[in-house]
Every structure is written in structure tokens, then in C-alpha cells.
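Report on one structure; see the data block that follows.
Readers should treat all values here as calculations from the given coordinates under stated rules, not as data from a laboratory. Since the model is a prediction, treat every value here as computed from it, not as a measurement. Ideal geometry is used to build each Cβ from the backbone, glycine not excepted, and the neighbour counts take in all protein chains shown.
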């Protein structure tokens, strides 16, 4: 059994090393699960938003085939390799425990960059597009900003080569975690029992995509939900409160271009609203919802407002 698994692993490494992982693994897997999910919706007589799915796929195609490959991918790989060649502290072995360490490093960095993407105005402007869909399905998984991996919080992965992780090791783990990152964008997979406290399951990740106040800025993990449990950002789905997907202020358009730039347009309007340079800068580094007028609508403000409503109602009846 171990020999069989080792053989599959070697085949995966070879696939990544030859640059064929996208065309022979990621893309076929992605299109297959979209088809299966669509079939599941049809059989279950469940509404499927085709316009939204097309928007997500159009954004994904542009990002992956044009910008992601020709610009962001080339720049990221070049810089990553340069850091590895000049600044690595040691070399990560190609042993089983070496691969486990690479995975843990990557998954922790993913959690960190994802949390920053929600808590820093500039990075949220880029990540905004991924949460702009009112649906939660496999097509949503690849709905991202066109400069992901170049200008966004993906810069945190430049720390990975310092730990001796070469570009092949990094890419193999990225391929595997991306497969899981596709899988956990669906409503067809229900509760997975004890795994809900170990992995970022579809049920856990659906919470992350919800705009309900209690679900905002929760469950950042890509594969392991353990990071969220450890750092206090875990939220299990409440049976009494079904997730409602989308943004707290939805953009209501299926135009891929408008969806792609909506986050940046939002940030630019915020910056223009301030007269002082200090306030303009704060819109870049403060959490989304921060306001130079003091009328904040950050997640913590919305949570506090929701907590105070029952109290205010109770006092009004006294």
C-alpha cells in the first residue's frame, strides 16, 4: 500500500516538474467537479445561477490563461527562486516528513495571508472579487483578482524559500492544496463529523463565504481548520442561522470586468473621500469599514451593534 501511494506521489511530482499539472490534473478536476455539481443541482431540482457561474469562469479563464501565466506566475517564480538561491537557511529534504513540513508551512502562510486579505483595506480591495458572488459552488473557487500571486498578499509566500523549500516542492503542495480549495467550495457536501474540527471542509468554508454578521472574518484556513481553532477565528455553522453568501454590500452585476475591479473602485472612492493624507493612508492599512469620520462599519463594529440591539430593545420595554 505504501509503495502504491509512493508511486502516485512520484507521478504527481513528475507532473508538476514537467509543467503539466494544470492541463492534466487541475483543469480536468475543476471542470469535472463543476459538471458533477451542476448535475447534482439538476437532479435535486435546485436553482443554479448560470449567469453567476459564467461570470466566475470568465474571470478565472482571464486570470489563469492571460495574467496568471504570463505575468504573475513568471514574476513570482523568478523572485521565489532568487530568494531560495541566495537566502535559504537550509534545504528541505524530499522525505515524507519533509513534505509534511512543507505542507504545514504553506498552510499556515495561507491562513496568515488570507486573514490579512480580510483585515487590511488594500488587500481586501484585491480579495473582494472572491467574495462578490451570492452563490457558493465550485465555480466560485477560482473567482479571484487578476494579479493574485503578484501584488496581493501572496507576497507572504516569499518567506517559504527561506525555510529551504525549493520551487518544485512549493508548487507540488500548491497543486494539492488548490485541489482541496476547489473541493471545499460546494453546498452538496454536508457535515463530515469529526473532520469539521480538523479540516476546512465545505461546511466550514461556506461559513467563511457568508455575510451574516456572526460569520464574518471566520474560518480562513485552506486545508486545516486547526489554525482557526488555534488563533480564535473558528466558527461552526449555526443550525439556526443559514449562511447567506456575498458581500455586506453586494455589487449586483454579472459583468466580469465590473466584478473584477469593484474592490479597487471601492477603495479608490474611500481614499478620495478623505482630505488628509494620513486618512488616505489609513484606508489602505485599516480594516474594511474604517472611516476617517469615525462612523466605522468594520466587522467588530457590526458585531457590537448586533449585540447591543437586544439590550436596547429590552431597555426600551422597561
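Structure data summary
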item	result
Helix 73-87 axis, angle to the chain major axis (alpha carbon atoms, nearest 10°)	70 degrees
Inter-centroid distance (Cα atoms) of the stretch 118-147 relative to the stretch 22-39, Å	20 Å
Helix-only mean residue ellipticity at 222 nm for the chain, each DSSP H run of n ≥ 4 adding -39500 (n - 2.57), per residue, nearest 500	-17000 deg cm²/dmol
Highest-fluctuation residue, 93, 202, 239 considered, GNM on the chain with Cα pairs under 10 Å	239
Over the stretch 2-231, relative contact order from alpha-carbon pairs under 8 Å, at least 6 apart, %	25 percent
Shape category assigned to the stretch 1-148 from the gyration tensor of Cα positions, a/c cut at 1.5	oblate
Cα gyration tensor, the chain - rounded (a/c under 1.5), prolate or oblate	prolate
Cα long-axis angle, helix 27-43 against the chain (0 to 90 degrees, to the nearest 10)	50 degrees
Relative packing of peptides 96-102, 49-55, 283-289, 293-299 - highest average C-beta neighbours within 10 Å first	283-289, 49-55, 96-102, 293-299
Order by protection proxy (mean Cβ within 10 Å, highest first), peptides 161-169, 2-10	161-169, 2-10
Crossing angle, helix 167-183 versus the chain [Cα axis fit, 0-90 degrees, rounded to tens]	50 degrees
Highest average packing first - 116-124, 136-144, Cβ atoms within 10 Å	136-144, 116-124
